[in-house]
Amino acid sequence: MELKRIFMAFFIITTLVSFAYPSFGQEDVDDEPLVNPGPEIDAVVAISPASQEFNMYMLENLPPKFTTYLETCMDKMGPIFRRCNEDIIEEILTKKPVSRECCMKVVKAGKECYVEIRKLMFRFYQLKRFASQVSIRTNDVWDRCSAEVENSSSSPR
């Protein structure tokens, strides 16, 4: 009878600890890239005719106010937007850091713009399979860029 009580107590404690700390039984995958750099990232962003149709349909059905807002956000980043956007997506997927110049443009546009553009990008056909996995990484990129820009602007020259 005593052995049964000990076993039950051990079982209950183990169960409670596993509910309180579910990460004990899981591997930390946040540090691994979602996509490997190189040919794998190129395959992810490749556009097929079907994906192009999906993307066009999705863009055409965005509310006009939201489209105007996104265009304003893109304008804040200037002519470098396209390259920086691709680099940011690559950092989110592969953990390859974007340039300081892109970080400065992102921070200049503001966090709200950055977040909304990321949400839109991960609605595109090629990237939507990653949408549920990128919110933390999207914030990590913002945090890194804003810290880098803050440090560079506060350091004496």
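The values are calculated or read from the model by the stated rules, or taken from the named source; none is laboratory data. Computed from a predicted model, the values in this text were never measured in an experiment. Please note: Cβ atoms are built from the backbone with ideal geometry, for glycine as well, and neighbour counts cover all protein chains shown. Only protein heavy atoms, including side chains, enter the accessible area calculation; ligands, DNA and RNA are left aside. Shrake-Rupley method; radii C 1.70, N 1.55, O 1.52, S 1.80 Å.
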Review point. Of 140, 75, which has the most accessible area with a 1.4 Å probe, and how do the rest follow in descending order?
Key: 75, 140
Exercise for review: Give the peptides 58-66, 78-86, 115-123 in descending order of average Cβ contacts within 10 Å, highest first.
Suggested key: 115-123, 78-86, 58-66
Revision key, fill the gap. Taking R0 as 41 Å and r as the Cβ-Cβ distance between residue 56 and residue 143, the FRET efficiency 1/(1 + (r/R0)^6), rounded to the nearest 0.05, comes to 0.80
Review point. What fraction, in whole percent, of alpha-carbon pairs in segment 88-138 exceed 18 Å separation?
Key: 28 percent
Study note, to complete from the structure: Counting all Cα-Cα pairs in segment 71-157, those more than 21 Å apart amount in percent to 25 percent
Exercise for review: Compute, for residue 144, the solvent-accessible surface of its heavy atoms (probe 1.4 Å) with the complete set of protein chains present, and express it in square angstrom to the nearest 10.
Suggested key: 70 Å²
Check your understanding: Relative to the present Cα-Cα distance, how much length would full extension add between residue 152 and residue 100 at 0.36 nm per residue of separation?
Key -> 17.8 nm
**Study point:** Rg/Rh (Cα only; Kirkwood hydrodynamic radius) as it applies to segment 51-120
**Key:** 0.99
Practice item. At 1.4 Å probe size, with every protein chain present, just tell me what the per residue accessible area of segment 46-157 comes to in Å². Key: 60 Å²
Exercise for review: Find the centroid of the Cα atoms in segment 110-139 and in segment 88-108, then give the distance between the two in whole Å.
Suggested key: 13 Å
